[in-house]
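Report on the following structure.
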Amino acid sequence: MSDTGAGVVLLGGGVVGLTTALLLRHRGMAVTLVERARAGTEASWAGAGMLPPGRAVQSESAESRLRSFSFECWPKLNELLWRLTSEDNGYRECGSILLADTPGEAAAEAMRWQRDGVAAEALEGADLRRRIPQLKTKWSAATWLPEFAQVRNPWHLRVLQSACLKAGVMILEQAGEAVLEQHAGRITAVRLSDRTLVPTAVCLTSGAWTGMILERFGITIPIRPIRGQMVLLQTQPGWLPHVVESGRRYLVPREDGLILVGSTEEDAGFCRSTTVSGVRGLLEFACDLSPELQSAPVVKTWAGLRPGTPDGLPFLGLVTGFENLFAGAGHFRSGLQMSAGTAEILCELILTGRSPLNLSGLAFDRFVVADMRGPSCER
Ligand SMILES: Cc1cc2nc3c(=O)[nH]c(=O)nc-3n(C[C@H](O)[C@H](O)[C@H](O)COP(=O)(O)OP(=O)(O)OC[C@H]3O[C@@H](n4cnc5c(N)ncnc54)[C@H](O)[C@@H]3O)c2cc1C
């Protein structure tokens, strides 16, 4: 069976693929989303849903530009989702406390955020304890970000999928491995086990698996899975009012008292298991922040595979050497936050060939001439 009305074909139904599919369809395109397994069950489901703020769309740094652009896109996306589904995706402005070792560190961190146009305040001693009374007293300095938001991953994915279906996106799940056929720099067909799609354009939104798809064309891009483990605890609703972060670890409270404790960063290939040392480390971290958590029930543990890149930033735009093959993949630790902006950018690129944001630092070929000592995923 050959489907010539497939329109734009997206490969991958995580948060990036679903959001891009929705925006393209909303702009009048025919859209087919092909998902190898089940949509919304990989990294996008596993994440904590933290959405750091940003207001520096003109920044020198690609990270700050995309974070800021995305932050500004979220309200519009939420409005569209609500209009289509009337379902809650758990988006809340909850504020975040970034713990610091010294007051000087907290002040410097606050200034860094303020330079990005974000409200930020350094807190010490009693002020910090007023915000988070549960914290162990050894923590005496932090930066307070009142605009920091969160979304509830499983809810957001469910709402996105429901909005896509209502808007008329064709979602093909359990599709197995798609085979892309090319001729003279164009993808001419997407072969699935039961049909062939004839696309106007193809967009790879395949997270940690994107490199494997491109390898078939002899293109190497350094995206690899970086495992993140997570522990879910139950506390009383409202017990922890804000996100608390210490380095790369954090507590993210949901309204019903659930608390996500995250996360590890491990190079374990495509293995999604949790481990004794991973879970133990997260529990020790949580109890070190607040000994009260020692009696909290453990609800669940899981792990997800972040799409890691050497600089922690996604590949965004046209794939080098192609006219109609795009990609939005490699968002590492920030794919939920950056999904709203990424989808706007991909949508505009596919429809008009122009990006609403300066994409330098996110281009496809940025590692081709770079020193490839191997991805460290540090930034
Ligand atoms: C523990 C953890 C905590 C995190 N916390 C946060 C956070 O607080 N804030 C934040 O912004 N980000 C966070 N992240 C990062 C974020 O989850 C990811 O960057 C984001 O989900 C990537 O989205 P994606 O759609 O690119 O990938 P995925 O969600 O992995 O989706 C990719 C999809 O593509 C499909 N696929 C793969 N190959 C093919 C193929 N050949 N054909 C068809 N389909 C294919 C897969 O099955 C999958 O469904 C976290 C991640 C983890 C693991």
Between the helical axis of 153-167 and the dominant principal axis of the chain, each derived from Cα atoms, what acute angle in degrees is found, rounded to the nearest 10?
-> 30
In a solvent-free Debye calculation with one equal scatterer on each Cα, what is log10 I(q)/I(0) for region 224-308 at q = 0.11, 0.14, 0.19, 0.20 Å⁻¹, listed in the order of the q values?
-> -0.28, -0.45, -0.79, -0.86
Crossing angle, helix 276-289 versus the chain [Cα axis fit, 0-90 degrees, rounded to tens] | 50
Size of region 96-146 as Cα extents on the principal axes (Å, biggest first) | 30, 19, 12
Candidate cut points under trypsin sites (Lys or Arg not before Pro) in region 164-255, DSSP loop plus at most 12 other Cβ atoms within 10 Å of their own Cβ, are Arg216, Arg248
With the other protein chains left in place, how much accessible area per residue, in square angstrom, belongs to the chain at a 1.4 angstrom probe?
-> 41
Which FRET efficiency value, to the nearest 0.05, is calculated for Gln294 and Ser355 with the Förster distance at 41 angstrom and r the Cβ-Cβ distance?
-> 0.25
Quick one: angle between helix 15-26 and the longest Cα principal axis of the chain, in degrees between 0 and 90, rounded to 10, please.
-> 60
Note down the nm distance, to one decimal, between modelled labels 7 Å out along Cα→Cβ at Gln174 and at Trp302.
-> 2.0
To the nearest 20 debye, region 224-308 has a Cα-centred charge dipole, built from +1 on Lys and Arg Cβ and -1 on Asp and Glu Cβ, of 340
Distance in nm between pseudo-label sites at Arg191 and Arg83 (7 Å out along the Cβ direction from Cα) = 4.1
Mind checking which of Phe285, Phe217, Phe69 has the largest fluctuation in a GNM of the chain, springs on alpha carbons under 10 Å?
-> Phe217
At what distance in nm do the modelled label points of Gln114 and Asp267 sit from each other, each positioned 7 Å from its Cα along Cα→Cβ?
-> 3.9
Give me the number: length gained by fully extending Lys76 to Thr41, i.e. 0.36 nm times residue separation minus the C-alpha to C-alpha distance, one decimal in nm.
-> 10.2 nm
Where chymotrypsin sites (Phe, Trp or Tyr not before Pro) fall in DSSP loop in region 95-153, at most 11 other Cβ within 10 Å = none
Distance from the Cα centre of region 146-181 to that of region 305-333, in angstrom?
-> 18
In debye to the nearest 20, the charge dipole size for the chain, taken about the Cα centre with +1 at each Lys and Arg Cβ and -1 at each Asp and Glu Cβ, equals 420
Run the dipole for region 41-168 about the Cα centre, Lys and Arg Cβ at +1, Asp and Glu Cβ at -1, nothing else charged, and hand back the magnitude in debye, nearest 20.
-> 320
Sequence-distant or interchain residues sharing an amide H contact under 5 Å with Gly90, placed H: which?
-> Arg152
For Met212, placing the label point 7 angstrom along Cα-to-beta-carbon and taking region 299-333, residues whose amide nitrogen sits under 13 Å are 305
Those lysines that a straight Cα-Cα span of less than 24 Å connects to Lys166, excepting residues fewer than 8 apart in one chain = Lys76
In whole percent, how big is the carbon plus sulfur part of the accessible area of the chain, probe 1.4 Å, protein atoms only?
-> 52
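The values are calculated or read from the model by the stated rules, or taken from the named source; none is laboratory data. Remember, it's a predicted structure, so these values are computed and weren't measured experimentally. Using ideal geometry, Cβ is built from the backbone for each residue, glycine included, and neighbour counts are taken over all protein chains shown. Surface areas here come from the heavy atoms of the whole protein model, side chains and all, with no ligands, DNA or RNA. Shrake-Rupley method; radii C 1.70, N 1.55, O 1.52, S 1.80 Å.
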